1. Given contacts defined as C-alpha pairs under 8 Å and at least six residues apart, what's the relative contact order of segment 34-111, whole-number percent?
2. Return the loop-located chymotrypsin sites (Phe, Trp or Tyr not before Pro) in segment 51-80 (DSSP other than H, G, I, E, B) with at most 15 other Cβ atoms within 10 Å of their own Cβ; answer none if there are none.
3. Report the net charge of residues surrounding N27, where surrounding means a beta-carbon distance below 11 angstrom and charges are Lys +1, Arg +1, Asp -1, Glu -1.
4. Pop out the ³J(HN,Hα) list for segment 36-49 in order, Karplus 6.51 cos²θ - 1.76 cosθ + 1.60 with θ = phi - 60°, rounded to Hz; leave Gly and Pro as x.
5. Can you sort V89, V74 so the residue with the fewest Cβ neighbours within 10 Å comes first?
6. Pick from F28, F40, F88 the residue whose mean-square fluctuation is largest in a GNM of the chain, springs joining Cα atoms under 10 Å.
7. Within 10 Å of each candidate Cβ there may be at most 13 other Cβ atoms; applying that plus a DSSP loop requirement, which trypsin sites (Lys or Arg not before Pro) in segment 36-112 survive?
8. Give me a comma-separated list of calculated 3J(HN,Hα) values for segment 69-77, in order, Karplus coefficients 6.51, -1.76, 1.60 applied at θ = phi - 60°, integers in Hz, x for any Gly or Pro.
Amino acid sequence: MKAVKSLKSFQELSRKVYINDRKRNANFKYAHNKIHTTKFTLLTFLPKSLYIQFLRIANVYFLISSIISSIKEVSSVSPITSIAPLVFVLLTSILREGFEDWVKLLRTSQIY
């Protein structure tokens, strides 16, 4: 009797997996084992990429410099002269990271 109970509990805990047969495995409704290698999703792209950019101390320095130069009492130059280069560098870096992540997504989708 005890052997029957242990066999039944073993069957409840065991899995059947068919190698290279997705149709037969789909019947069992197991959790997928897919690996995501990308950094971003559509929802997290802008906040995460801005966070990554401002981890670089040079970008933080130029942001502070741009903020100070936008105060008319402190700076004699136009604020656009310091904001434009910062925006250009941030935009090109963010677009490059997004493109690299998109290419990585395409490569991994070809594997699966």
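Nothing in this text is a laboratory measurement; each read-out follows from the coordinates by a stated rule. Being a predicted model, the structure only gives us computed values, none of them experimental. Please note: Cβ atoms are built from the backbone with ideal geometry, for glycine as well, and neighbour counts cover all protein chains shown.
1. This gives 40 percent for segment 34-111.
2. Those that pass, being in a loop and sparsely packed, are F54.
3. +4
4. 3J(HN,Hα) across segment 36-49, in whole Hz: 9, 9, 8, 7, 10, 10, 4, 6, 9, 4, 5, x, 5, 5.
5. With the fewest neighbours first, V89, V74 line up as V74, V89.
6. F28
7. R56, K72
8. Coupling constants for segment 69-77: 6, 7, 7, 5, 6, 9, 10, 9, 9 Hz.
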